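So the structure is just underneath, and the comments pick up after that.
All of the numbers you see were taken from the coordinates with simple rules; none came from a lab. What you see is a predicted model; the values in this text were computed from it and never measured. Virtual Cβ from ideal backbone geometry, glycine too; neighbours counted across all protein chains shown.
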C-alpha cells in the first residue's frame, strides 16, 4: 500500500495494487490488483502445473488501424479453457463471437455446457479526479456470473475492459 503520487502526466495511482488509508492500512484495492487476480486465479489455475497457450485471432474490420480487441486462450491443467479478452478501446464497447477453430480439419466448435464469466471495467471502478487526494468513487471486484449454456456465445466487451471466459471446450488431439 502507498500514497498516490503524481510524477508524470498520467492518472494517479495507475500501477498500484493497493491504496493506503489514513490509518496506514490498505483502504482500497486498485484496478491493477483486480487485473492481476483475474490473470492468476481465473484465467490461469494457481499452482505449478503446466498451462498450454494457444493462438487466437480476432476478426476486426480492415478499416481498424490497430487491433482494439486482443484474445488470449489457455488450456489450464484442469482441462478447462480460459479465454482472456481485452478491449483496448477507451471509448467504445465491442462485441465478439467466441468460437474454437481446428486448423487441422477446419471445423469450428464452441464452449460446451456452463461457463464462468468475469469482467472488469469502468462499471466496477472509478477514481476521483481530485489529484491532491484521489480515492476510488466506485471500487467493486470484477463482475462474475455463470451462463448455463454457451451455444452461439456473443460477448459484449465494455470500453477498456478485461473479460475472462472459462469452461469446457474441445481438447486438442494428442
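If packing is taken as the mean number of other Cβ atoms within 10 Å per residue, what is the order of 73-82, 111-120, 88-97, highest first?
Descending packing order for the listed peptides: 111-120, 73-82, 88-97.
Compute the relative contact order of segment 49-168 as a whole-number percentage, counting only Cα pairs closer than 8 Å that sit 6 or more residues apart in sequence.
In percent, rounded to a whole number, it is 32.
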